[in-house]
Amino acid sequence: MPEKQKINILWFTKDLRTRDSESLYHIMQEGLPFLAVYVFDDRDFGRMQLGSRKTGRYRTRFLLETVEDLKGSLSRNNIPFLIKKGNTGTVFKELSDEFDIVKIFCQQEWTQEEKEKEDEIRNVMPTAGWEKSYSQFLVHPLFVSSTMDNIPMLFTTFRQKVEKNLLIRPEFVSENMVYDRSSLKVQSDKVTLEVLGYDDFEMDSRTAFPFRGGETQALRRLESYFSETRNLSSYKETRNGLTGTDYSSKFSAWLADGSLSAVTVYHEIKKYEQEFGSNESTYWLVFELLWRDFFRYVSMEYKDLIFWKNGIGGKKYTADTNEELIRRWKDGTTDSDFINANMMELKHTGWMSNRGRQNVASYFCKILKQDWRIGAAYFEELLIDYDVHSNYGNWMYLAGVGNDNRDRIFNPEKQAEMYDPHQEFIQLWLQN
């Protein structure tokens, strides 16, 4: 029996980019040939939870576009890329049958389902080494651990400690690294919406997020929002908008699947400030990136508690499960036009503004008094920019079982008066 070829694997998960890719940068320094791999795991598309599908059609299409874009970028650098559909453990078992896998390079994950996949790989490749990156963060865990012993419950405390002597790593220079080793012949699967179990669809023309997935589109949006339109300079004043493409950066979907790095955004903000000046708005986008980091550190600290009914706060949480009220919330037929308009936008586009998300979550938990996890699962299905840490962190926060000690309740009618005074948004989504 011939000896199997020794190779390394670059396992892409939620780091679907070539710019500022720590794993790509480090695997290129190794002497062995390597294979880049992405798996469309069947469980991410077929599984149901609390009445919602794990991944809906909007994020699925965005992900397909993202992987296709990554395939083009890797191809230009001669990097072999295997795209498979199936079970992650099974795919890696097949790879281990064909190759001698020496080391796996990937992004560090710690949430439940991501760890399950990693455990499957360890079972079929017990001798393979692992090299993991923390490049999904803006602020590296080593910096955070040097400034605080544990993650505080309040974001303000976290931010103040982190901002003092803030140090952000430079970008990894990885996007133009050309692969020059022996070519590995592999056969990818043809993965489409239909293959994953979805019908094709036309995006609703009213959407505030008409963008495609992928690093190319992400960097184009970055350039457009920063230097071309200079919208960054008015970010703080416009970020609570409800209609149109320019009321917020819209970076969240690309940040969520890792086709855009938070570190890249940070350094581009700093370049922008040098050229066009800094103000409260340029700072505020960094502030929002720190919020994103905060929820990641919270999930890292509390692990599976972020999925528990009582959350991380340890408070007793009681809620009903009234199928009729839940259905009316999902269908946008509640007693509040402002809530309904936001829920119709989500249902028809996979997008909702930050202002809308806070209102509909508060309404679900505090006014309808339903189990927050059902709302979180619905968001997980529908949102293009779903991110496990931010989604569950924000839902806990608004349900009063997370990081918020004020246990706030949003009044949707007052919110509508403030943020949709002429009812343009309500009319856009509730017109006959």
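Can you pull out every residue in the stretch 12-35 that is crowded, with 23+ Cβ neighbours inside 10 Å and within 17 Å of K85 (Cα to Cα)?
Selection gives F12, L16.
Tell me which residues, restricted to the stretch 123-144, are open to solvent by 20 Å² or more (accessible area, probe 1.4 Å), under 19 Å from I306 (Cβ atoms) and assigned to a loop (DSSP other than H, G, I, E, B).
Looking only at the stretch 123-144, we keep the residues that are open to solvent by 20 Å² or more (accessible area, probe 1.4 Å), and these are 123-124, 126-127, 129-132, 134, 140-143.
Restricting the remaining residues to those that are under 19 Å from I306 (Cβ atoms) gives 134, 141.
The one that is open to solvent by 20 Å² or more (accessible area, probe 1.4 Å), under 19 Å from I306 (Cβ atoms) and assigned to a loop (DSSP other than H, G, I, E, B): Y134.
Within the stretch 183-240, work out how many residues are buried (at least 18 other Cβ atoms within 10 Å of the Cβ) and of a type in the set (D, E).
Qualifying residue count for the region: 1.
Filter the helices (runs of 4 or more DSSP H) completely within the stretch 263-353 down to those with at least 2 residues that are basic (K, R) and out of contact with any helix residue (DSSP H, G or I) (no Cβ under 7 Å at 6 or more places or on another chain). If you could, list the steps in order and put the result at the bottom.
Details: elements: 280-302, 323-331, 337-349.
Qualifying helices (runs of 4 or more DSSP H): 323-331.
For the stretch 377-432, which fully contained helices (runs of 4 or more DSSP H) count at least 2 residues that are farther than 23 Å from G258 by Cβ and open to solvent by 70 Å² or more (accessible area, probe 1.4 Å)? Walk me through it before giving the result.
Details: elements: 388-399, 412-419, 424-430.
The helices (runs of 4 or more DSSP H) meeting that bar are 412-419, 424-430.
Looking at (1) open to solvent by 40 Å² or more (accessible area, probe 1.4 Å); (2) among the hydrophobic types (A, V, I, L, M, F, W, C); (3) within 16 Å of the chain's Cα centre (by Cα), which is the one condition that is false for W284?
Of the numbered conditions (1) open to solvent by 40 Å² or more (accessible area, probe 1.4 Å); (2) among the hydrophobic types (A, V, I, L, M, F, W, C); (3) within 16 Å of the chain's Cα centre (by Cα), the odd one out for W284 is (3).
Which residue, of K164, K115, is under 21 Å from F287 (Cβ atoms) and without any contact (Cβ under 8 Å) to a residue 24 or more places away in the chain?
Working: K115 fails: under 21 Å from F287 (Cβ atoms).
Step by step, each of K164, K115 is checked, and only K164 is under 21 Å from F287 (Cβ atoms) and without any contact (Cβ under 8 Å) to a residue 24 or more places away in the chain.
Restricting attention to the stretch 159-171, does a residue exist that is in contact with a Lys or Arg (Cβ under 7 Å, 6 or more places away or on another chain) and either open to solvent by less than 40 Å² (accessible area, probe 1.4 Å) or of a type in the set (G, A, S) (or both)?
Checking the stretch 159-171: not a single residue is in contact with a Lys or Arg (Cβ under 7 Å, 6 or more places away or on another chain) and either open to solvent by less than 40 Å² (accessible area, probe 1.4 Å) or of a type in the set (G, A, S) (or both).
Of the residues E120, E94, E116, which is open to solvent by less than 70 Å² (accessible area, probe 1.4 Å), farther than 29 Å from T264 by Cα, modelled with pLDDT of 95 or more and part of a helix (DSSP H, G or I)?
Working: E94 fails: open to solvent by less than 70 Å² (accessible area, probe 1.4 Å); E116 fails: open to solvent by less than 70 Å² (accessible area, probe 1.4 Å).
The unique qualifying residue is E120.
Sort through F307, F294 and tell me the only one that's surrounded by fewer than 21 Cβ atoms within 10 Å (Cβ to Cβ) and in contact (Cβ under 8 Å) with a residue 60 or more places away in the chain.
Working: F294 fails: surrounded by fewer than 21 Cβ atoms within 10 Å (Cβ to Cβ).
Just a single option satisfies the conditions, and that option is F307.
Across the stretch 61-89, which residue is farthest from M177 (Cα to Cα) among those that are among the polar types (S, T, N, Q) and either touching a strand residue (DSSP E or B) at 6+ places or on another chain (Cβ under 9 Å) or part of a loop (DSSP other than H, G, I, E, B) (or both)?
N87
Would you mind stating whether E324 is out of contact with any Gly (no Cβ under 8 Å at 6 or more places or on another chain), open to solvent by 70 Å² or more (accessible area, probe 1.4 Å) and of a type in the set (D, E)? Let's see the steps before the verdict.
Working: out of contact with any Gly (no Cβ under 8 Å at 6 or more places or on another chain): yes; open to solvent by 70 Å² or more (accessible area, probe 1.4 Å): yes; of a type in the set (D, E): yes.
Yes, satisfied.
Name the residue that is farthest from P421 (Cα to Cα), counting only residues in the stretch 352-364 that are open to solvent by less than 10 Å² (accessible area, probe 1.4 Å) and not hydroxyl-bearing (S, T, Y). Full working, then the answer.
In the first step, residues of the stretch 352-364 are kept if they are open to solvent by less than 10 Å² (accessible area, probe 1.4 Å); the result is 352-353, 356, 359-362, 364.
Pick out the ones that are also not hydroxyl-bearing (S, T, Y) and you get 352, 356, 359-361, 364.
Working: M352: 18, G356: 14, N359: 16, V360: 18, A361: 21, F364: 23 Å.
Among those that are open to solvent by less than 10 Å² (accessible area, probe 1.4 Å) and not hydroxyl-bearing (S, T, Y), it is F364.
Given the conditions (1) over 27 Å from K271 (Cα atoms); (2) over 22 Å from the mean Cα position of the chain (by Cα), and given that L166 satisfies all but one, which numbered condition is not satisfied?
(1)
So which of L70, L10, L16 is touching a residue at least 24 places away in the same chain (Cβ under 8 Å), under 19 Å from A218 (Cβ atoms) and touching a helix residue (DSSP H, G or I) at 6+ places or on another chain (Cβ under 6 Å)? Don't jump to the end; show me each part of the working.
Values: L70 fails: touching a helix residue (DSSP H, G or I) at 6+ places or on another chain (Cβ under 6 Å); L10 fails: under 19 Å from A218 (Cβ atoms).
Only one candidate qualifies: L16.
The values are calculated or read from the model by the stated rules, or taken from the named source; none is laboratory data. Please read these numbers as outputs of a predicted model, since none were measured by experiment. Every residue, glycine among them, receives a Cβ derived from its backbone with ideal geometry; neighbour counts consider all protein chains shown. Just so you know, the surface numbers come from the protein's heavy atoms only, side chains and all, with ligands and any DNA or RNA stripped out. Shrake-Rupley method; radii C 1.70, N 1.55, O 1.52, S 1.80 Å.
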